[in-house]
Amino acid sequence: ANQLTDATISGNLADPDEDGLPNMLEYVLGRHPLEDSGDALIEPSYGPFDGQQRLRLDYRVRTMHPFYRVSLETSLDLVVWEDQADQFEEDGVVSLGDGLQEIRVYWIGPQPSERIHVRLRVDRISD
């Protein structure tokens with residue numbers, strides 16, 4: 001019970017496992033706030049899609065939470081990030097229970113001439 005009233009452990013921005021992810025983000029991404037899993041937030045790979053080898057991304061997200069929006073962004077320089085939702089096509093969603101889903105998307109945009117970086121962006125919509 002003391003944990004629940006301690007903002008340094010249970011607050012939205014607290015990071016009790018010191019893995020660099022605040023509790024709010026850990027909840028939305030289906031991770032345990034007191035355990036550093038060491039897993040990547042996005043699992044990249046290449047796979048066949050629409051007759052071509054494409055970048056494939058698998059990630060977990062709690063989709064039934066109305067207060068947060070999760071989107072994929074890309075960057076060429078890690079400074080300027082762009083919402084590229086129209087450059088990804090969802091290819092599979094697996095329910096993992098408790099409102100958590102594993103989502104698989106493929107990059108369908110043009111092949112970049114440079115290295116491309118991808119991140120998950122989580123925005124709080126409202127309370």
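No value in this document is a laboratory result; all are computed from the given coordinates. As the structure is a prediction and not an experimental result, all values here were calculated from the model. Cβ placement follows ideal geometry from the backbone for every residue including glycine, while neighbour counts extend to all protein chains displayed.
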Size of the dipole of the range 75-127 about the Cα centre, Lys and Arg at +1 and Asp and Glu at -1 on the beta carbon, nothing else charged, in debye to 20?
180
Cα centre as origin, Lys/Arg/Asp/Glu Cβ charges: the range 1-114 dipole, Debye:
340
What stretch of the chain, leaving out the sites themselves, is the longest with no GluC sites (Glu not before Pro) in a DSSP loop having at most 10 other Cβ atoms within 10 Å?
19-113
Can you find, among Ala7, Tyr27, Trp81, the residue sitting farthest towards the positive end of the charge dipole of the chain, where Lys and Arg contribute +1 and Asp and Glu -1 at Cβ?
Trp81
I'm spelling it out carefully: the read-out is Rg/Rh (Cα atoms, Kirkwood Rh), the candidates are [x] 0.96; [y] 1.09; [z] 1.01, and one was derived from this structure. Which label?
[z]
The chain, relative contact order [Cα under 8 Å, separation at least 6], %
22
Which FRET efficiency value, to the nearest 0.05, do you get for Ser113 and Asp36 by plugging their Cβ-Cβ distance into 1/(1 + (r/R0)^6) with R0 = 35 Å?
0.45
So if I take the centroid of the Cα atoms in the range 105-127 and the same for the range 49-88, what is the distance between those two points in Å?
3
